[in-house]
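Quick notes on the structure that follows.
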Amino acid sequence: MASSGNPSQTRFAILRKLLAEGLASTQDEIREALEAAGHEVTQSTVSRDLRKLEAVKAIDSKGRTIYRLAEDSGAVITANGSLLDMILSVVHNETMIVMHTTPGSASLVARHLDHVRPGGILGTIAGDDTIFIAPPKSSTIKKTIQDITESFH
């Protein structure tokens, strides 16, 4: 175990360094790295820590999904190009907008949408490669989709 300072603060510092270096592609890799540094943690602790640090999944220059700190991921540009390049399709059913992304990219794209709120969207729910987007009104859904697309340019 780490001996100096608050153990969770020390763990967060190590985790921030791992994320900044862009070497962590799975929560298990993160857990192993933290254990190697003297912090015995479970996968659920790693998951909670990643949420607390607002980590996002990104794609590195080799096309590998990695965890990054949101502030390190860039507003619209990632190591693999623009966020627009990660979007595969945008569809709707007159009440909900669904965006499909490349694998592992949904949280990064959703973070941009939640920050910019194009078209006045209410919010997003992101999985690995799918984002549910709540539009402000169903009557303006097509305009909202246009505003979402324009927000990536």
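The values are calculated or read from the model by the stated rules, or taken from the named source; none is laboratory data. On a predicted model such as this, the values are computed, not experimentally measured, just so you know. No Cβ is skipped: glycine too gets one built from the backbone with ideal geometry, and neighbour counts run over all protein chains shown.
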Where a residue in region 97-120 is assigned to a helix (DSSP H, G or I) and its partner, wherever it lies, is among the basic types (Lys, Arg), with Cβ under 9 Å and at least six apart: 106/57; 107/57; 108/57; 108/68; 119/143; 120/137
Got at least one residue in region 46-66 being modelled with pLDDT under 80, crowded, with 17+ Cβ neighbours inside 10 Å and touching a His at 6+ places or on another chain (Cβ under 6 Å)? no
For region 11-38, which positions are touching a strand residue (DSSP E or B) at 6+ places or on another chain (Cβ under 8 Å), outside any helix (DSSP H, G or I) and not hydroxyl-bearing (Ser, Thr, Tyr)? 22, 23, 24
Which of (1) of a type in the set (A, V, I, L, M); (2) crowded, with 19+ Cβ neighbours inside 10 Å; (3) under 21 Å from residue 56 (Cα atoms) does residue 98 not meet, given it meets every other one? (2)
Got a number for residues in region 115-129 being surrounded by 15 or more Cβ atoms within 10 Å (Cβ to Cβ), within 24 Å of residue 55 (Cβ to Cβ) and not basic (Lys, Arg)? 6
Would you please name the residue that is farthest from the chain's Cα centre (by Cα), looking only at residues in region 22-45 that are farther than 24 Å from residue 129 by Cβ and surrounded by 12 or more Cβ atoms within 10 Å (Cβ to Cβ)? 38
